[in-house]
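Q: I have a structure I would like to understand better, so I am pasting it below and will then ask my questions one at a time.
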Amino acid sequence: MNYPVELTLEQQFNIRSFATQVEQMSHEQAQDFLIKLYEQMVVREATYKELLKHQWGLDTGTSL
(Lines give C-alpha, C1' and ligand atoms only; values in the text may rest on other atoms or scores of the structure.)
Protein backbone atom coordinates (compact mmCIF):
# COMPACT_ATOMS: atom_id res chain seq x y z
CA MET A 1 0.00 0.00 0.00
CA ASN A 2 1.30 3.46 -0.88
CA TYR A 3 1.04 6.09 1.82
CA PRO A 4 0.88 9.85 1.11
CA VAL A 5 3.49 10.41 3.84
CA GLU A 6 6.37 8.20 4.85
CA LEU A 7 5.72 6.16 7.97
CA THR A 8 8.18 6.07 10.83
CA LEU A 9 10.05 2.89 11.60
CA GLU A 10 7.89 2.48 14.71
CA GLN A 11 4.69 2.80 12.65
CA GLN A 12 5.99 0.26 10.13
CA PHE A 13 6.82 -2.11 12.98
CA ASN A 14 3.34 -1.66 14.47
CA ILE A 15 1.72 -2.48 11.14
CA ARG A 16 3.83 -5.62 10.77
CA SER A 17 3.04 -6.65 14.35
CA PHE A 18 -0.66 -6.09 13.70
CA ALA A 19 -0.48 -8.16 10.50
CA THR A 20 1.11 -11.03 12.42
CA GLN A 21 -1.68 -10.93 15.02
CA VAL A 22 -4.37 -10.92 12.32
CA GLU A 23 -2.75 -13.85 10.51
CA GLN A 24 -3.12 -15.90 13.69
CA MET A 25 -6.86 -15.16 14.08
CA SER A 26 -9.56 -17.59 13.12
CA HIS A 27 -11.96 -16.55 10.37
CA GLU A 28 -14.67 -15.76 12.95
CA GLN A 29 -12.26 -13.74 15.12
CA ALA A 30 -11.15 -11.75 12.09
CA GLN A 31 -14.74 -10.99 11.11
CA ASP A 32 -15.62 -9.85 14.64
CA PHE A 33 -12.47 -7.74 14.75
CA LEU A 34 -13.24 -6.08 11.41
CA ILE A 35 -16.76 -5.20 12.54
CA LYS A 36 -15.42 -3.59 15.73
CA LEU A 37 -12.68 -1.79 13.81
CA TYR A 38 -15.19 -0.40 11.31
CA GLU A 39 -17.44 0.76 14.15
CA GLN A 40 -14.49 2.60 15.72
CA MET A 41 -13.68 4.23 12.38
CA VAL A 42 -17.27 5.47 11.99
CA VAL A 43 -17.29 6.83 15.54
CA ARG A 44 -13.94 8.56 14.98
CA GLU A 45 -15.18 10.15 11.75
CA ALA A 46 -18.35 11.41 13.46
CA THR A 47 -16.25 12.77 16.34
CA TYR A 48 -13.94 14.61 13.93
CA LYS A 49 -16.93 16.12 12.13
CA GLU A 50 -18.45 17.34 15.39
CA LEU A 51 -15.12 18.76 16.57
CA LEU A 52 -14.65 20.60 13.28
CA LYS A 53 -18.20 21.97 13.39
CA HIS A 54 -17.54 23.26 16.88
CA GLN A 55 -14.10 24.65 15.99
CA TRP A 56 -15.46 26.43 12.91
CA GLY A 57 -18.50 27.73 14.77
CA LEU A 58 -20.95 25.82 12.61
CA ASP A 59 -22.73 24.23 15.57
CA THR A 60 -24.01 27.54 16.97
CA GLY A 61 -26.09 28.56 13.97
CA THR A 62 -23.77 31.47 13.12
CA SER A 63 -22.51 31.93 9.60
CA LEU A 64 -18.95 32.68 8.60
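The values are calculated or read from the model by the stated rules, or taken from the named source; none is laboratory data. Since the structure is predicted, the reported quantities are computational estimates derived from the model, not experimental observations. When we count neighbours, we look across all protein chains shown, and the Cβ atoms used for this are built from the backbone with ideal geometry, even at glycine. Note: accessible area is taken over every heavy atom of the protein model, side chains too, but ligands, DNA and RNA are not part of it. Shrake-Rupley method; radii C 1.70, N 1.55, O 1.52, S 1.80 Å.
Q: Over the alpha-carbon set of the chain, work out the extent along each principal axis and list the three values in angstrom, largest first.
A: 52, 31, 17 Å, listed from the longest principal axis down.
Q: Further, regarding this structure: Per-residue ellipticity at 222 nm for the chain, helices alone: DSSP H runs ≥ 4 residues times -39500 (n - 2.57), over residue total, nearest 500 deg cm²/dmol?
A: -24000 deg cm²/dmol
Q: Given a 1.4 Å probe and every protein chain left where it sits, what share in percent of the accessible area of the chain is carbon and sulfur? Write out the running numbers ahead of the final one.
A: Working: 3740 of 6340 Å².
Reported share for carbon and sulfur atoms: 59 percent.
Q: So, one more: Between SER17 and ASP32, with labels modelled 7 Å along Cα→Cβ, what's the label distance in nm to one decimal, could you check?
A: 2.3 nm
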